[in-house]
Structure formats: structure tokens, C-alpha cells
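The values are calculated or read from the model by the stated rules, or taken from the named source; none is laboratory data. Computed from a predicted structure; not experimentally measured. Please note: Cβ atoms are built from the backbone with ideal geometry, for glycine as well, and neighbour counts cover all protein chains shown.
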Amino acid sequence: MIAERSITTQKIIEAISAKANKVGFVIDAELTEALQFLENNGIPTNKHEDYKYCNLDAVFKKEFKNITQDFNEITNSDVKPYKLNEAINLVVANGNYMESLSDKIIVKGITIKCLNDLSGNNTPIGSLAASKSDAFIALSNAFSGNGLYIEVQKNNVIPMPINIIYINSVNAESLINPRSFIRIQPSAEVTITERFVSIGKKVFSNFLSEKLVEENAKLTSYTIQEEGKESFAVHTNQVKVSRNATYDHTTITLSGQLVRNNHNVVIAGENSRSDLNGLFLTDGSQLVDNHTLMDHQVPNCESNELYKGVVGGKSIGVFNGKIFVRKDAQKTNAYQSSKNILLSDDATLNTKPQLEIYANDVKCSHGTSTGKIDENALFYLKARGVGDESARKLLLAAFANEVLDKIQIESLRMHLETELNKLY
Amino acid sequence: MIKIKNLHASIGDKEILKGINLEVKAGEIHAIMGPNGSGKSTLSSVLAGREDYDVTEGEVTFNGKNLLEMSTEDRAREGLFLAFQYPIEIPGVSNINFLKTAINEIRAYHGKEAIEAKDFLALVKEKQKLVELDAKLTNRSVNEGFSGGEKKRNEIFQMAMLEPKLAILDETDSGLDIDALRIVANGVNKLRTANNAFIVITHYQRLLDHIVPDFVHILYNGKIVKSGTKELALELEAKGYDEIKLQFEKTEG
């Protein structure tokens, strides 16, 4: 088994190494550790508890056996449809931040750099992403592209959102490792959209973002996954929330043959609030697997999770939400809800709340529901003359809107409504 | 308007309608009364097209067309309206959005263009007044958090918006206080024309003080056992259903 695993890993490492530049922003010790971890553990199979429904080793063996790392150049016209008029648009193309494709707007209080500009021993990059915690973090630490660093300086409230477009275009089976580091300094506020698209051939995108929300700061962020039917993606968010800070994140998954989201929030400062919301619509043989962790390390914090899935065809949806309340985290309020609609008898939904509570004075609750579309509501709408298809669309839109309402950027919201309407 | 001939319907193995015959003409109001379990709600559900029931025998023609062959939505588009006994709450679907969709799909069915936004809003305003429905409610999700009376008024509001040819009011009076009853009844009376018709299903006579029927039918054990004019309802109120039960159990036995 071990030998077989390392063949997959070996192949990936060889293919990437041949084309990749050495990552300058990850310290040497971490790089060694990353390669060692991959060597020892390989890409996870479904024997790995955290990847029970998501055998990524099998995906690499089957879908990326001819991995060649052949990238296409990205042009302005490729990116244009994904830009938002009211936002500062930044482009990460095939894993590398492209200043030439990005908006040249200078806004007070923001620093935007490529990750390589933060090389050296004091780099914060990797501080929230230890290689030993996960194979895909290790893979990013070893082979990340020259991604994006965004810093919002102390006391600055950025008046317009930032829209980061991660776009991949490849000519043959390739693995791309886009990456970002987002630092919101004390008492600063910003809204950031991270949008994932791909054009061209089959691509595996291993995205890693570290997000540091410092004291009294607020980060509202959106992940929009619309990478197309042929893409495979693992998206990891490593978040640290400080005292009095607010982290409010929403993930909308519109497409992707396989999408695995690892969203890990370390609640490290008192009186902070962290929200994770998710919406996914799947069909065909898609797999969307959301894994979240709310790690309550300190007292007096609140966390909320709402994940909704509409699962059709022979597709599989997964929600695995872990709430970890450490011994010192008294007066924690942690809520989690997973609601799902199955559109066909062959669709599958696996939902698993995991509560590990070591403090004695906490309020934690979780709820999960999975069912079919409400037949009584459907009949009621039809009895008023609304056709079957429209009635279903109305009901699914109503179900999805609870999450979609979190998106506060008007043009993005409208785009999502249009795209979702095609999927209902 | 509607002709029901020898209608039999079952749910599972249980036959509930056992041969209903009824004709309703334009301009008429018919009341169907009967004790609990007599088949009143089944009749309205079968006419509206609920799939839980199997029609095993009989025919229903609606303005010359075979109603039983139509989908639920096509029945509505042809002008049939059912005011639900228990209106469904649909969180997240706004009343207005849903009604606009309904009106436009009905218009499209008749080859008409979608309604202009301003005409639609004017219509909403006019019909709201008719049933004294708070404007706030029309902007909320369908029936979500409405009181019992508000739900029933919303049904009549929807009826007013859709202007059906035949409206079936399924125990619209249940759970209504006297003021709400008056509002609902006024709404119906104002909507009544020579070209439309109503079937009012009720357990009690009191609604019929406000909506005066041309004909009253007594449904018992899946059949219409007695028909008459509005005096029949008063007689029923005075004697109660027990006498009816006794009388017809005897004749059947």
C-alpha cells in the first residue's frame, strides 16, 4: 500500500519539479518537512479518516496519470468576464500573481504584493499552514506558485471589495498550486472575493489561503467556485481570528467534477465571531466535500455555520463540520446547521457533525436535515398555475437564498443568481 | 362550467368518493356541506389534481374540456382555483414574486404577453384593498408566520389576483373569527359575476349567512345524498348531522 502511494506522489513531484521554480517564501526547514511529509504519507486515499468520501489518490491515478504541466498564457480577454466593476480586480494566473492583468488602482491602506516579495526568514507565509497537518498543505508548501499577498493596514476600512480571480488554463493534465496570504491588521475592514475559474484542459487546482484577522478587524470573504465540469480542486483555508475580530465567510460551489474544501478556523482571541456559510449544487457524478473546523481556543467567542446542498443525479455531497471547544474556551457559543435537498434517488449526501467539547460552560448545537423537495409546497404553487419546472426553481431558489443573501456585492450576487438559475 | 359525473376516487385501497354527480353553471354559488370524513376535502383535492388520489371511475368536464386529464397547473390556467383549507407556508418564496410568476404563466398559456410591472403593482394594490390584506404581508414569504385568518385572506387575495372562472373554497371559514369571516365573505361577494362560479365547502352554516348559495348539497359517505336551496343549510343546522347519518345509514343498510 505504502509503495503504491508513493508512486502517485513520486510522479506528481517529478512532474512538478521539472517545471516549477523553487518557492522562495517558504522557509527551507518547512520545505524539507513538506517533501518529507509527502514522501511518508502520500496523497490521501479513502482509508484516511478525513478523506473517507474523497479518494484523492485514486483521482490522481485515474485522471492525472499523464500529468505534464503544460500551461497556456492567460490574456486580458480571458479574465474580463470575471472582473467586477465595483471591485479592485486582481489576477492569479496558473498560480502566479499577474500585475499586468490586474487593476492598477491605488487605494490607501492596502499593500498588494506577490508572495516571492516576502522571502526571507521573517516571512509570515506558512505560519498558519504546517506541512505536517495535511498532504495538500504540504504540496502547496513545496510547490506553490508565486501567489498573492494582501495586507490591509491598521484602522483602514476599504470602501470597495477586492476581487481575486484565480484562473487556470492548461493544455494537458496539470496540477496548479495557487496561494494567497491575507492579513487584516487591527481595526481594519475589507471584503474579499476569491473566484476560481478554469479554461482549457483538465486541471487539478490545489489552493491554499492563510487568513489572519487581527484584533478588532473584520474580514468578509467569499469563495466562488466555478471551475467547470472537468476540474478537480482542493481548497484549503487556514484562518486565525484574534480578539474582538469578525470573520464572515461564504463558499458557493457552482461547478467542479471534484471539489474538496478544508476550512479551518482557529479562534484565538476573545469576543470574536466567526461565521462559515456554504452552498453547493451538484449533478452528474460530481463530488463536493466540505470539511470545516471551528477551533475554539479561548473563552467568550461565537461561531456559526450554515451549509446547504442541493444534490442531484448520481452526485455526492459531503458536510463534515467539527467544533472543537478547548478546556479554556468557557462561554463558547457554537452553532452548526446542515440542510440538504436530494433531487434524485441516486444522489447521496453524507453529513457528519463532530463536537468535541472540553469546557463545561458552553452552548453548542448542531442540526442536520436531508430531504426531498417539499411536495405540498410544489402542489400549492402548481395549483396557482405555476408550471412544474418554475415551481421547482422557485422552491430551490428559496432554499438557496438563505446562503446567497450573504453575498453583499450586487453584481456578484446577480451573476450567482443567473448561474444558479441554470442549475436548479 | 363544471360537470361531475359518477366520480369515484380512492386513496390506497380506500374508496372515498363513491359516485359524485354535480353540475355548476356560470353565475352560481354551490355549497357542499357534510360531516367530517364525508369526502368534502377529497373532492376539492381531486378536482385540483392532487396526485395522492386515484380516480377510479367517472368524468369531469370543465368548460367542455376533460379536467381529469390535465396537470394541476393546467387546471389552474384553465381557470380553476382552490382556496386551501390549510394554506402552505413557503419560506423564501415571496408572495409577490410567486403571484407574478403564476399570472405570467397563466397569460403565456393563453398566448398573452407578460404583465407590465406597473400594471401588476396596480392590480396588487387594488386586490389587497378588497380583502383588507396588509401590504407588508404581500411582500413577505408565502404564508410564513401568517395567523390563521391572514392565511385565509391571502387565499382570497390570490383568488382575486388570478380571477378564476371556478373557485373552490375548501373550509375557508375554519379557524376564522367573525371579523375575518366577514372580510373573506365580502371579498367573494365582490368578485362574484355572471361569468364565474363558486363551490363553497363548509362544515357549518354560518359562512352561508354571508355568502348566500344558490344550491346546497349534502355530502355523506362519498355521495351527495341531498340537494336543495339555501333553506337546506338552515335545516341541517337545526337538526345536526346525526339525523342525516341515521337516515342514510338506514337506507344504505
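Which condition does A:A18 not pass, out of (1) without any contact (Cβ under 8 Å) to a residue 40 or more places away in the chain; (2) assigned to a helix (DSSP H, G or I); (3) hydrophobic (A, V, I, L, M, F, W, C), if it passes all the others?
So A:A18 meets the others, but not (1).
Can you name every residue in region B:194-253 that is among the aliphatic types (A, V, I, L, M), more than 22 Å from the chain's Cα centre (by Cα) and surrounded by fewer than 19 Cβ atoms within 10 Å (Cβ to Cβ)?
B:A238, B:L246 - these are the residues of region B:194-253 that are among the aliphatic types (A, V, I, L, M), more than 22 Å from the chain's Cα centre (by Cα) and surrounded by fewer than 19 Cβ atoms within 10 Å (Cβ to Cβ).
For residues in region B:27-58 being in a helix (DSSP H, G or I) and within 14 Å of another protein chain (Cβ to nearest Cβ), which is modelled with the lowest pLDDT?
B:S41
Please count how many residues of region B:71-103 are more than 7 Å from every other protein chain (Cβ to nearest Cβ) and not aromatic (F, W, Y).
The number of residues fulfilling the criteria is 17.
Picking from A:E270, A:E230, A:E210, which residue would you name as being in contact (Cβ under 8 Å) with a residue 24 or more places away in the chain, within 27 Å of A:Y53 (Cα to Cα) and not in a strand (DSSP E or B)?
From the options A:E270, A:E230, A:E210, the qualifying one is A:E230.
Being of a type in the set (G, A, S) and either buried (at least 23 other Cβ atoms within 10 Å of the Cβ) or on the phi > 0 side of the Ramachandran plot (or both) is the filter here, so list the residues in region A:118-134 that pass it.
A:G120, A:G126, A:A129, A:S131, listed by residue number.
From A:N333, A:N376, A:N360, A:N401, which residue is within 14 Å of chain B (Cβ to nearest Cβ) and either over 23 Å from A:V288 (Cα atoms) or within 19 Å of the chain's Cα centre (by Cα) (or both)?
A:N376
Taking A:I341 as the residue in question, decide whether it is within 14 Å of chain B (Cβ to nearest Cβ), without any contact (Cβ under 8 Å) to a residue 60 or more places away in the chain, surrounded by fewer than 17 Cβ atoms within 10 Å (Cβ to Cβ) and touching a helix residue (DSSP H, G or I) at 6+ places or on another chain (Cβ under 9 Å).
no
A:S365 passes all but one of (1) small (G, A, S); (2) crowded, with 17+ Cβ neighbours inside 10 Å; (3) away from chain B (no Cβ under 14 Å); which number fails?
Only one criterion in (1) small (G, A, S); (2) crowded, with 17+ Cβ neighbours inside 10 Å; (3) away from chain B (no Cβ under 14 Å) is unmet by A:S365, namely (2).
Checking the condition aliphatic (A, V, I, L, M), closer than 23 Å to A:T292 by Cα and surrounded by fewer than 22 Cβ atoms within 10 Å (Cβ to Cβ), which residue from A:A268, A:A233, A:A172 passes?
Only one candidate passes the filter, namely A:A268.
Just give me the residues in region A:86-128 being outside any strand (DSSP E or B), small (G, A, S) and farther than 18 Å from A:I184 by Cα, in sequence order.
Matches in region A:86-128: A:G95, A:S100, A:S102, A:S119, A:G120.
Quick check, is A:D275 surrounded by fewer than 21 Cβ atoms within 10 Å (Cβ to Cβ), assigned by TED's automatic domain parsing to the domain that holds A:S133 and not basic (K, R)?
Taking the combined requirement at face value, the residue does not satisfy it.
Considering only residues that are within 14 Å of another protein chain (Cβ to nearest Cβ), assigned to a loop (DSSP other than H, G, I, E, B) and of a type outside the set (A, V, I, L, M), which ones fall in region B:104-137?
B:H110, B:K112
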